[in-house]
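Structure first, then comments.
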């Protein structure tokens, strides 16, 4: 059946004073009966941070649809210090619909910045860098480090493989020596100011965008 356009919420504000509520209210009856719709969301509204196309959809249905168009890009993040930036990197990875997110190190990671977007991704955990390297070798996935190091080449001048994993270190400390050692190459983002490095989540977003500009067609 043809999906009905979700109703909008006009004039409502959220906990802040100025920004509008994200999402839609209860779906007008009669409700759509397609299996991918969630009856609870249809009844109570959908306030999730998802595209309008996915309003009222079950999480499993959204994941299944995203799986039909995952990109070959993967993201890996070292997790030794419970870095607040990890969640933001994961949220950006969701925006680019990467095929996998790898958490290397501690299993528990700071999910606050992810804004629940990790539910729509395939997140794998590797206790050590060696375990991560073994998985990449078995799955023919080259590891590209992103860090501002003396050995780094310029991201802007490098052709990235379509299938690869971009490996990011911790905020401040950057990539560990062990992580650098398993990378085929390490790339840095050109900087023009006085700061030694930029925020880890910002660098991750730029690197993912750089990959996308090489391999994805921009849709009108």
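Every number here is computed from the coordinates shown, using simple stated rules; none is lab data. Just so it is clear, the model here is predicted, and its values are computed rather than measured. Here the Cβ is made from the backbone with ideal geometry for all residues, glycine too, and neighbour counts use every protein chain on show.
At a 10 angstrom cut-off on C-beta neighbours, averaged per residue, how do the peptides 204-212, 23-31, 52-60 rank from highest to lowest? Could you put the intermediate results ahead of the total?
Details: 204-212: 19.3, 23-31: 14.0, 52-60: 16.8.
Highest to lowest by the protection proxy: 204-212, 52-60, 23-31.
Quick check on packing: order 73-83, 162-172, 186-196, 122-132 by the mean number of other C-beta atoms within 10 Å, highest mean leading.
Numbers: 73-83: 21.5, 162-172: 19.9, 186-196: 12.4, 122-132: 16.1.
For the peptides 73-83, 162-172, 186-196, 122-132, the packing ranking is 73-83, 162-172, 122-132, 186-196.
Arrange 213, 175 by Cβ neighbour counts within 10 Å, fewest through most, would you? Provide the component values of the computation, followed by the final result.
Details: 213 10, 175 22.
The fewest-first ordering by Cβ neighbours comes to 213, 175.
Along its principal axes, what span do the Cα atoms of the chain show, with the longest given first and each in whole Å?
61, 42, 37
Taking Rh as the Kirkwood radius computed over C-alpha pairs, what is the Stokes-Einstein D of the range 147-209 at 20 °C in a medium of viscosity 1.002 mPa s, expressed in µm² per second?
Translational diffusion coefficient: 175 µm²/s.
Scale the Cα Rg of the range 51-164 by the rule-of-thumb value 2.2 N^0.38 Å and send over the ratio, two decimals. Don't skip to the answer; put the middle values down first.
Working: Rg = 15.0 Å, N = 114, 2.2 N^0.38 = 13.3 Å.
Ratio of Rg to 2.2 N^0.38 Å for the range 51-164: 1.13.
Helix 129-138 versus the longest principal axis of the chain: what angle, 0 to 90°, nearest 10, using Cα atoms?
80
List residues of the range 165-183, by number, whose backbone nitrogen lies under 11 Å from a label position 7 Å along Cα→C-beta of residue 191.
Residues 172 fall inside that zone.
Order these by the 10 Å Cβ neighbour count, fewest first: 135, 109.
Placing the least packed residue first, the sequence is 135, 109.
With axes computed from alpha carbons, what is the tilt in degrees of helix 85-95 against the longest principal axis of the chain, rounded to the nearest 10 within 0 to 90?
For 85-95 against the chain, the angle is about 60 degrees.
Quickly estimate the mean residue ellipticity at 222 nm for the chain, helices only: each DSSP H run with n ≥ 4 gives -39500 (n - 2.57), and the total goes over all residues, rounded to 500.
The helix contribution divided over the chain gives -7500 deg cm²/dmol.
Taking neighbour counts of Cβ atoms within 10 Å as a proxy for exposure, in what order, fewest first, do 133, 69 appear?
Listed from fewest to most nearby Cβ atoms, that is 69, 133.
Can you tell me the 0 to 90 degree angle between the C-alpha axis of helix 200-215 and the longest principal axis of the chain, rounded to 10?
Tilt of helix 200-215: around 80 degrees.
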